[in-house]
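Okay, structure first, notes after.
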Amino acid sequence: MKVNGFNVNVCSEQPERLIRFYTDVVGLQPMPQISPGAFLVGGAALLVDGHSEVKGTATEPQRILLTLTVDDAVAEQERLEAAGVEFVRPATKEPWGGLVATFLDLEAIIASWCRPARPELLISSGILRPLKELGAVAQACNTPPGFGKDQGFRKNGPLLGSEDPNLRG
């Protein structure tokens with residue numbers, strides 16, 4: 001079977017509120033040509049919509065975990081904390097070498113900023129594509145500073161603003 005794309009749908013009783021959160025606070029790139037609640041996330045889309053069977057916040061927030069791979073998880077955590085977003089787990093180095101900072105969205109769904117330990121392995125395996133291959137898509141995503149021209153992520157080196165050796169990549 002060949003899968004041509006992948007989307008994650010997050011349903012809400014108040015989708016407009018959640019759409020504003022992912023646009024204005026998290027800073028995801030909207031895809032209005034798809035729907036008002038569609039966001040480009042790497043090579044996939046996050047779709048926020050209403051659903052008649054969804055009431056209130058998530059009762060099992062661990063059931064679906066949204067992981068957003070970024071260049072600097074610490075800086076993204078600081079940016080969202082300044083906007084009032086609750087982090088249930090600060091940026092922490094994982095046993096596999098990556099760095100993860102976990103927050104809750106407005107529906108109590110768990111989302112994480114993740115900085116992979118070795119992004120070049122994700123690229124060589126095809127999970128991530130180098131920015132030079134993404135062309136117009138990468139430009140449309142308003143690629144953050146620090147992303148390498150050819151590899152898509154800053155390789156090696158400490159995270160910006162971090163002197164803690166546990167937060168080094």
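The values are calculated or read from the model by the stated rules, or taken from the named source; none is laboratory data. What you see is a predicted model, and the numbers here were worked out from it, not measured in a lab. All Cβ positions, glycine included, derive from the backbone under ideal geometry; neighbour counts span all protein chains shown.
Condition check ((1) in contact with a Ser or Thr (Cβ under 7 Å, 6 or more places away or on another chain); (2) of a type in the set (D, E, K, R)) across all residues:
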residue	(1), (2)
27	no, no
30	yes, no
36	no, no
45	no, no
54	yes, no
58	no, no
78	no, yes
90	no, no
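Checked against the criteria, residue 3 does not count as at pLDDT below 95, touching a strand residue (DSSP E or B) at 6+ places or on another chain (Cβ under 9 Å) and not basic (Lys, Arg). Checking each residue in the range 56-71 for being more than 11 Å from the chain's Cα centre (by Cα) and closer than 23 Å to residue 44 by Cα picks out 58, 61, 62, 63, 64. For the range 59-114, the set of residues classified as closer than 24 Å to residue 12 by Cβ, not in a loop (DSSP other than H, G, I, E, B) and not hydrophobic (A, V, I, L, M, F, W, C) consists of 67, 69, 76, 77, 79, 81, 89, 102, 112, listed by residue number.
Would you call residue 40 touching a Phe, Trp or Tyr at 6+ places or on another chain (Cβ under 9 Å) and surrounded by 15 or more Cβ atoms within 10 Å (Cβ to Cβ)?
Judged against the criteria, residue 40 is not a match.
Could you grab me the full set of residues in the range 52-77 that are surrounded by 12 or more Cβ atoms within 10 Å (Cβ to Cβ) and either more than 19 Å from residue 110 (Cβ to Cβ) or among the β-branched types (Val, Ile, Thr) (or both)? Listed by number, the residues that qualify are 54, 57, 64, 67, 69, 70, 71, 72, 74, 75. Taking first residues from the range 76-104 that are over 22 Å from residue 58 (Cα atoms) and partners that are polar (S, T, N, Q) and assigned to a helix (DSSP H, G or I), the Cβ contacts under 8 Å between residues at least 6 apart in sequence or on separate chains come to 91/77; 92/166; 93/166.
Quick check: anything in the range 120-137 modelled with pLDDT of 85 or more and at positive phi? Checked against the condition, which is being modelled with pLDDT of 85 or more and at positive phi, the range 120-137 yields no hits at all. Screening the range 1-53 for residues that are β-branched (Val, Ile, Thr), in a loop (DSSP other than H, G, I, E, B) and in contact (Cβ under 8 Å) with a residue 12 or more places away in the chain and picking the one that is nearest to residue 70 (Cα to Cα) gives 26.
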